[in-house]
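Reviewing the structure listed below.
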Amino acid sequence: MTTAGGTRSTPRIGELVYDLEREAMGRVAYVDTGGNIAWVKPLREGPEWTALPEQLRRAPDGER
């Protein structure tokens, strides 16, 4: 996950995120042990998807 300062961090399980590649919001369901892939559940119906941490950003308070 990229923070405002541009540094990479690992998303946390349960965190609300915005996927820049898919242009979709979801909650992190799982992160592999190396922190290289995150599984994200959509906020509504639909299948989970995988995302690289660098294509995710934390959802701002206004989007929650």
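What follows draws every value from the coordinates through simple rules; no lab data is involved. Predicted, not measured: the structure shown is a model, and the values here were computed from it. A quick note on method: Cβ atoms are made from the backbone with ideal geometry, for glycine too, and the neighbour counts reach across all protein chains shown.
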**Item:** GluC sites (Glu not before Pro) lying in DSSP loop within region 22-64, provided at most 11 other Cβ fall within 10 Å
**Value:** GLU23, GLU45
**Message:** Along the Cα→Cβ direction, 7 angstrom out, place labels at ILE13 and TYR30. What is the inter-label distance in nm?
**Reply:** 1.0
**Prompt:** How far is it, in nm, from the label point at GLU21 to the one at ARG57 when both lie 7 Å from their Cα along the line to the Cβ?
**Reply:** 1.7
